[in-house]
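Below is one structure, written out as structure tokens, with a few remarks after it.
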Amino acid sequence: MKALKFALIITAGFALVEVIGGIMSGSLALLGDAGHMFTDVLALGMSLGAAMIAGRAATDKHTFGLLRAEILVALVNGIALVGVSLLVIREAITRFYDPMEIDSTVMLIVAIVGLGANLVGIKVLEHGSKDNLNVRGAFLHMMGDMLSSVGVIIAALLIYLFDWQAADPVISIGIAIVIMVGAYRLIAQSVSILLEAVPSHIDLKEVEKAMMGVEDVVSVHDLHVWTLTSGVYSLSGHVIVNDRDVSSCSPVLRELEEVLEERFHIDHTTIQLETEACPLNGCRLNGRDKDHHDHCDHDH
């Protein structure tokens, strides 16, 4: 949260600087970068709010807490990035037909200052972006800003040295495309989590195989693995074990939990243990064979 707050202050301050510089210089690339930075301000604000909400304890109504708030914000951030990119591309195409005189000196100075601010923000968010999708969304916004600033600097140099005014819209389109690629990945990850897909680093067959390797486990079925929020994985499933007393379930459950956490980083498991059909306990009912399953549920 401290990293997000710091990045928010930096981004908000330099977004305002770039708006002023963009108006003074007439640069679309600079204004596009400023617009992108303002979406970053919104994104960072939402990310900060989501982090605060996600930290709340679970309730009777929200039994997992509000962990998914971070994923929803990451999705909104990705969509916002696509929207800003499309607006910049549309304006850049217009500039080809109606070019505008640009003050490359002002454009260059503001872009260099903006690049410095972006580098500071990226450094602050880098560590958290590896483990948290919400922070990763904010980090991608900052990365997009950095690329924008580099692009604006290149465009300003081309205009200053060669008077190539078209460099401004050309660079703007290039920046927008790069931003959209990162946004697509963020949206895809967010949607995958919201649809409760199996996490990308987990192979369900491998999980089943590992569980089958635990002593006294006969088979595994109705197995589900999903992501609650960034880095928090959950599993539920039914495990058939050799016939035993309910009181002897604990060792099997503990070993299953250890295997799942150590090998797949799944730390929230709900496992229902069931026993094989037993021919000695009168499983026949009305002349038909019935599987008789005793079970004990366990939630870790």
Ranking of ARG90, ARG68 by count of other Cβ atoms within 10 Å, fewest first: ARG90, ARG68
- line: Toy charge model, Lys and Arg Cβ at +1, Asp and Glu Cβ at -1: segment 64-177 dipole around Cα centroid in debye, rounded to 20, equals 460
query: On alpha-carbon atoms, Rg over Rh for the chain using Kirkwood Rh?
result: 1.21
- prompt: Per residue, what volume in Å³ does the convex hull of the Cα atoms of segment 71-156 enclose?
  reply: 81
statement: At the level of C-alpha centres, the distance separating segment 227-279 and segment 58-116, in angstrom, is 44
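Under 27 Å between alpha carbons: how many lysine pairs meet that in segment 2-194, if sequence neighbours fewer than 8 apart on the same chain are excluded? Mind dumping the intermediate values first?
Numbers: LYS2/LYS123; LYS2/LYS130; LYS5/LYS123; LYS5/LYS130.
Going through segment 2-194 pair by pair, I get 4.
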- request: Quote to one decimal, in nm, the extra length available between LEU119 and MET24 on full extension: 0.36 nm per residue of separation minus the C-alpha distance between them.
  value: 31.8 nm
- line: Summed over the other residues with a beta carbon less than 9 angstrom from that of LEU30, with K and R at +1 and D and E at -1, the charge totals -3
- line: The size of the Cβ-based charge dipole (Lys, Arg +1; Asp, Glu -1) of the chain about the Cα centre, to the nearest 20 debye, is 840
- line: By Cβ neighbour count within 10 Å, fewest first, ILE171, ILE154 rank ILE154, ILE171
- prompt: So how tilted is helix 249-264 from the main axis of the chain? Cα-based, degrees 0 to 90, rounded to 10.
  reply: 20
- request: Kindly work out what percent of the DSSP beta bridges joining two residues of the chain are antiparallel, to the nearest 5.
  value: 65
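None of the figures in this text is laboratory data; all of them are computed from the coordinates on show. Note that the structure is a prediction, hence the values are computed from the model and not measured. Positions of Cβ are backbone-derived with ideal geometry, glycine not excepted, and every protein chain shown enters the neighbour counts.
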